[in-house]
1. For segment 357-451, list the helices (runs of 4 or more DSSP H) that sit wholly inside it and hold at least 2 residues that are acidic (D, E); which are they?
2. Being of a type outside the set (D, E, K, R) and modelled with pLDDT under 85 is the filter here, so list the residues in segment 203-241 that pass it.
3. Listed residues G99, G172, G168, G190; which is in contact with a helix residue (DSSP H, G or I) (Cβ under 9 Å, 6 or more places away or on another chain), touching a residue at least 40 places away in the same chain (Cβ under 8 Å) and at positive phi?
4. Scan segment 60-108 for residues that are of a type in the set (F, W, Y) and touching a Gly at 6+ places or on another chain (Cβ under 7 Å) and report the count.
5. Identify, by number, the condition in (1) within 17 Å of I391 (Cα to Cα); (2) touching a residue at least 12 places away in the same chain (Cβ under 8 Å); (3) out of contact with any Ser or Thr (no Cβ under 7 Å at 6 or more places or on another chain) that F105 doesn't meet.
6. Name the single residue, out of those in segment 334-362 being surrounded by 18 or more Cβ atoms within 10 Å (Cβ to Cβ), farther than 21 Å from V438 by Cα and under 29 Å from the mean Cα position of the chain (by Cα), that is modelled with the lowest pLDDT.
7. Would you say F114 is in contact (Cβ under 8 Å) with a residue 40 or more places away in the chain and buried (at least 24 other Cβ atoms within 10 Å of the Cβ)?
Amino acid sequence: MSLIRRSYGTDDDNAQSLPETDYDNDKIPEVVINGGRPHLINLLWLSFGFFLSFSAFNGTSNILTSIDVNVGFNTSAILYAAFCFGSLFLSTSFISLCGPKWSVFLGAFCYTLFQAANLKGTAEYMYPSAVLLGLGASVLWAAQGSYVTLAAANYALNRGHPADSSQGIFQGIFFGVFQCNQVVGNLISGFIFLYVTGDGATHTLFYVYLGISGAGLIFLFLLRAETNPLMDIRLTVLSEADSDETVLKRVSAVAGIHLDRKMLIMIPILYYNGLEQGFITGDFTANTKEQRSREWVGFSMAVFGVVNAVSSVLAGRAIRSYGKIVVAAGTVAHGFLLAFVIYVHRFGDFKALYADHLWVLFVLAAAAGVGDAVWTTYPNTEIGTLFSDRIMPGYSTMKLWNSLGNVTILVLGNHVPLWAKATLVAAGLLLSVVAVIVLHSQRSRSRYSRV
């Protein structure tokens, strides 16, 4: 029997010591070098479950504003407002209680209920389901971040590598598979609106989406739990040391992580990720329907999905070694998209441009896909690496700021010109680039000081 004293925190100087606890060294599991294949399979299983669930959800969210502009924007704004609340007050406690696997499943269940509400499509059904979905989504995405981080750490350790060495590739694989949902979901909507006429098209589409969402829910129910034995020991100590822990303390963990200098630098990046996603799924799709027709929303977003999926995998593989180059590529892609939208909507004629040069729509969708892949993969990788000792508060904070960015765009609705909203998103992009430069500069100085 030996006496083990453990600490937690991001900085050695500020680490909080845990009470001394007796452990039997024989009970501390050794890392088994088995290639990590089971953890890669778990990642792919999770990714495919998300792919199914979000083929339905993203296909739906991309056309909400094209079916009813006011209900669509209001539903999305309510959803992300509830997401903010859930990220701060619900997700960390829920995951601590249920674990990442069951939190993912229960969060996905809320997505299926939202699909059922779309069969009615009226405000009295959509708004309550949006609240429930926002709360469920806050749990689901924080749990997803925790699950992928654990799977990546287990995979790396089982291959005899540092625990954080596979974070980028695992995030890239997840989002590569996940973003394929944009291809399938949007092609389904495009072809249904192309070949089915009248109100029957919308009802047919939402019945198909409900079936796909249900299949994803079954898939996630069968997901195997992912745990890190060494991390479980640490979490057990934390639980024993804080037996009087309350929801308020867990909320304070999310609030307290904002005092970390690294998180303060990350906030513009997290916020921009929400801004650009709200702009693409809300304004870009609504503008496409206005300038062309509803089926072209599906086809253009399918192009977005293909490019996004490929770019996510490439970004995940390259981001650990070439982080600044990857971010530069995403910045150029989104910079082109935003500059084009600002110029044409402020000084040109978008409708005439689309009518004469339809290929422009697909070029813009591709640029949106490249940029979104980078600005989604990068913060997920950084959070998993920088806050590996505080996974749940870290990912809850990330989704809190993502949802705030979404809400900022969506509450503006169709009351603000598109070029003005694009200008706001462009300002967020510039701040994010500055944040990346500062983050990498501090990391370089830290490495130099240790030499």
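1. The qualifying helices (runs of 4 or more DSSP H) are 359-386.
2. Correct list: T227, N228, P229, L230, M231, I233, L235, T236, V237, L238, S239, A241.
3. Of G99, G172, G168, G190, the one residue that is in contact with a helix residue (DSSP H, G or I) (Cβ under 9 Å, 6 or more places away or on another chain), touching a residue at least 40 places away in the same chain (Cβ under 8 Å) and at positive phi is G99.
4. Number satisfying all stated conditions: 3.
5. Here F105 meets the rest and fails (1).
6. So the residue we want is L361.
7. Judged against the criteria, F114 is a match.
A quick yes/no check of all residues on (1) closer than 20 Å to W45 by Cβ; (2) over 17 Å from the mean Cα position of the chain (by Cα):
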{"residue": "N118", "(1), (2)": "no, yes"}
{"residue": "A123", "(1), (2)": "no, yes"}
{"residue": "Y127", "(1), (2)": "no, yes"}
{"residue": "A130", "(1), (2)": "no, yes"}
{"residue": "G134", "(1), (2)": "no, no"}
{"residue": "A143", "(1), (2)": "yes, no"}
{"residue": "S146", "(1), (2)": "yes, no"}
{"residue": "A153", "(1), (2)": "yes, yes"}
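The values are calculated or read from the model by the stated rules, or taken from the named source; none is laboratory data. Note that the structure is predicted; figures quoted are calculated from it, not measured. A quick note on method: Cβ atoms are made from the backbone with ideal geometry, for glycine too, and the neighbour counts reach across all protein chains shown.
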